1. If you average the alpha carbon positions of the stretch 234-248 and of the stretch 625-655, how far apart do those two centres end up, in angstrom?
2. Quick one: how many Å² of Phe264 are accessible to a 1.4 Å probe, rounded to 10?
3. Just the accessible area per residue of the stretch 411-620, please: how many Å² with a 1.4 Å probe?
4. Taking every alpha carbon pair in the stretch 411-620, what does the distance histogram look like in 5 angstrom bins from 0, in percent?
5. Compute the signed sum of charges (Lys and Arg +1, Asp and Glu -1) over the other residues within less than 14 Å, Cβ to Cβ, of Asn259.
6. Taking the Cβ of Lys333 as the center, what net charge do the other residues with Cβ under 13 Å away carry, scoring Lys and Arg +1 and Asp and Glu -1?
7. Hey, what do the phi angles of the stretch 577-584 turn into as Karplus ³J(HN,Hα) couplings, whole Hz, using 6.51/-1.76/1.60 and θ = phi - 60°, x for Gly and Pro?
8. When the accessible area of the chain is split by element with a 1.4 Å probe, what percent falls to carbon and sulfur?
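The values are calculated or read from the model by the stated rules, or taken from the named source; none is laboratory data. Just so you know, these numbers come straight off a predicted model, no measurement behind them. Here Cβ is always computed from backbone atoms with ideal geometry, including for glycine, and neighbour counts include all displayed protein chains. The accessibility values were calculated without ligands, DNA or RNA, using every heavy atom of the protein model including side chains. Shrake-Rupley method; radii C 1.70, N 1.55, O 1.52, S 1.80 Å.
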Amino acid sequence: MSNRYKPVIASVPHILHGADYNPEQWIKMKDTIWPQDMRLAKEAGINVLSIGIFSWSMLEPEEDVYDFSWLDEVMDLLAENGMKANLATPSGARPVWMAKKHPEVLRIERNGVRNEFGGRHNACLSSPYFREKVTKINTLLAERYKDHPALGMWHISNEYGGSGDSACYCPYCKERFRDFLKARYGTIDALNDAWWTTFWSHRFDDFSQIEPPTERGDMNLHGLNLDWHRFTTWQYVDFYELETAPLKKITPDKPCTANLMRWFKPINYFQLADQLDVVSWDNYPLWKNTREDASVAMETAFMHDLFRSLKKGKPFLLMESCPSAVNWQPVSKIYAPGAHLSHSMQAVAHGSDSVMYFQFRKSRGSSEKFHGAVVDHEGQGKTRIFKEICQTGKALSGLDEIVGTTYPARAAVLFDWENWWAYDDAQFAHNDHKNYQEMVLEYYEAFYRLGIPVDIIDETCDLEKYQLVVTPLMYMLRNGFEKKIEQFVKNGGTWVTSCITGYVNDTDLCFLGGFPGPLKETLGIWEEELDSLYPEQYNEIEWNRKVYPAHFYCGLAHILDPEEAAGTKAEVLGRYLHDFYAGYPAVTAHAYGEGKAIYLAARMKKDFYLDFFKDLCIRLGLKPVLDQIPEGVEATVRSDGKQTYLFLNNFYPEPVQVSLLADGGVYYDHYSLLDGSLVSGRITLPPKGIQILKRTLRDAGTERISL
Ligand code: GLA
Ligand code: ZN
């Protein structure tokens, strides 16, 4: 059965190809520049442009005086040229009159000082005036363009939260924080218990006494810190709802998105994503044009997988990416020929239904005047980059059949925002560097290198569809996730976790009775102590007759007696070799119900994770998309459940040979969606080369897919 998602913009059944477009910056040259823009956009195969993102001062030049005439013209131009508008709400930056007349729209920063006008992304989300003005302008935009043929979708604000610590410390925001806490805890007594406020004599008598955490006040109540993070997320979710309310009412069939960012800690994106019709994100990796790009690609792949997973596999949009040098990076490296196509297709390979850029025409002034763009200052499309973008546009136009397919995963890696906040806040182990992202990536990398698709999940996700769930550094258990894990293992799932699992509950209080708290019985162990090794120190473990280094964290655990572990004892599969804990368990497996719970006591290095997960996946019958994936090459698939498409991407600056055998030696025929060739056996990928292959089983009377 074919199972596809609908195209994001219903009337555009293609991979979207587009860019942020700021025609208002060129309004005084519009007679020459705008028609040129349209010509070049069409030449590049662009079918969508994001407009109006920072246009408030042009749309409402004076308080309550609106001017949509220029936007009318731009919308008409897009329609005439067969393009859709990804029309933005302008709340990402405010006009100066607003800031001067109503300073409450400006954030008060953590230091207690109100910002002056300038920058962007730094509004107070609680200001009644700001909220009213946002509702008003969004309503006017929706009413004006609801029937316009160019309106494709809505781009809500820009990079929510993207300045400072994303929070405002004004009296309005503090009041809303107190209301948030009241709703959460009911009584001040419950809050005092949850936050353990008797510590350092911090008990509160009333919600009105609570201040957000700052250096001038309290940073030691971890429950407070955690709830402030939760409140910040809630603020953005609430603001998104405010922004989209008129749009949903007036243009109910137009999807809304907010463009998200890489490793963005202040907002729990799993929570925000619930509100979005489609997830989109802005991708700016530090490509180097060396072999190191293979690890840049791995981290980027993780991000793409995360953004696909936020909406349970629904294709996402690559909203921004740069076709050339990113001017704000420490080194603005240009990309080698071909690299642009490879970077773009990596997003598609992981489930993006778009390739979009910042920016269409390179700004003439201000801080982004040297940021890579589709059209350079040269202006006529004569650049190497423009030509590469045209090639990318052409390649994307051959991928209509990919639209709406997804990425089938039967394994999942946990990356949980609330866990990230709480774990980073905890004072223990390695305080200089908590390593959460690194360790999640190390686990992820094993699957990436093996070519085994994974989803990224948080502690609100369901586990039924997975065979294998891995939860590195799952310090905090929340939302009843421990019950889901327990049930998952009972039902036959395999769960792998690391040291520092199950230390605290959802208000950051330690579990009593030994770690991993409520998961002790499932895992069959008790982690009594945690040794933190200095960066230059190593221990070693022996597993599967091989010795591997262990570093940073070494959990010292005991195997529980059967009566404490549902009647069975965990098996010790690996042990430490040195220090006073030589002989202690380092790898354990506990048969629990129909499944298995596996504990990796220490932080290991890449080789261990690769060997360990390879062995485990073979045992579980989790198949890679290709039998052999050479270093530097990424292999992924998209599928509609029936037809599978194989994406190969060589991130090395030299040619690589890839064998197309899969499924333990089964031959497939492959039809290239890029050049129409039929390929099988072995292919050569040029430096930064890609292939996109429609896969069918050779001599297949029966249709069989390796996933
Ligand atoms: C972000 C913003 C864009 C632009 C780019 C530059 O992603 O959303 O407006 O500033 O960065 O890389
Ligand atoms: Zn505020």
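1. Each part's Cα centre sits 39 Å from the other's.
2. 30 Å²
3. Spelled out: the 1.4 Å probe surface of the stretch 411-620, per residue, equals 38 Å².
4. Percent of Cα pairs in each bin: 1, 7, 17, 21, 23, 18, 10, 2, 0.
5. Residues near Asn259 contribute -4 overall.
6. Details: positive: Lys288; negative: Glu292, Asp293.
Taking every other residue near Lys333 into account, the sum is -1.
7. Coupling constants for the stretch 577-584: 9, 10, 6, 5, 9, 3, x, 5 Hz.
8. Its accessible area is 51 percent carbon and sulfur atoms.
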